[in-house]
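**Student:** Here you go, one structure.
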Amino acid sequence: MVPAPSANDLRRRDRIVRYKPYVPKEGEDPMAEYMNLLAMLFSMCGLMMRFKWAAWAAVYCAFIGFSNSRSSEDTKQIFSSFMLSISSVVMSYLQSPTPMAISYFS
């Protein structure tokens, strides 16, 4: 039960707007944003933990994010996602130049 407004209540009742959840418009696909986020996460795992598979997954996600992006999106974010994923691959192979070993075949 909502108490009756008093004279000291500074809230404006006419400015209250009820929350409506966001409904995506038809044609909006958030796949590019998700792939850019995954590329950033995988590239950080590749850089910090030296996981080569994570670095390659970052490159893969960056390519998918670029292919699904719209021309109106921020190109700086897409470019930074690419550069971070490529630097992750380069740095992981500079640390240990041996090829990536698949553990379940050996």
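**Student:** Which label marks the calculated value of Cα extents along the principal axes in Å, given the options (1) 81, 45, 15; (2) 46, 24, 21; (3) 75, 30, 27?
**Tutor:** Checked against the structure: label (3).
**Student:** Moving on. What's the carbon and sulfur percent of the chain's accessible surface, probe 1.4 angstrom, rounded to a whole number? Each step should come with its number before you reach the end.
**Tutor:** Numbers: 5860 of 8910 Å².
In the chain, the share of accessible area belonging to carbon and sulfur is 66 percent.
**Student:** Further, regarding this structure: May I ask for the net charge around Met100, where only other residues with Cβ less than 15 Å from the Cβ of Met100 are counted and Lys, Arg are +1 while Asp, Glu are -1? Before the final figure, lay out each step's value.
**Tutor:** Working: positive: Arg50, Lys52; negative: none.
Within the 15 Å Cβ shell, the charges total +2.
The values are calculated or read from the model by the stated rules, or taken from the named source; none is laboratory data. None of the values given here were measured: they were computed from a predicted structure. We place every Cβ from the backbone using ideal geometry, glycine too, and count neighbours over all the protein chains shown. All accessible areas refer to the heavy atoms of the entire protein, side chains included, with ligands and DNA or RNA removed. Shrake-Rupley method; radii C 1.70, N 1.55, O 1.52, S 1.80 Å.
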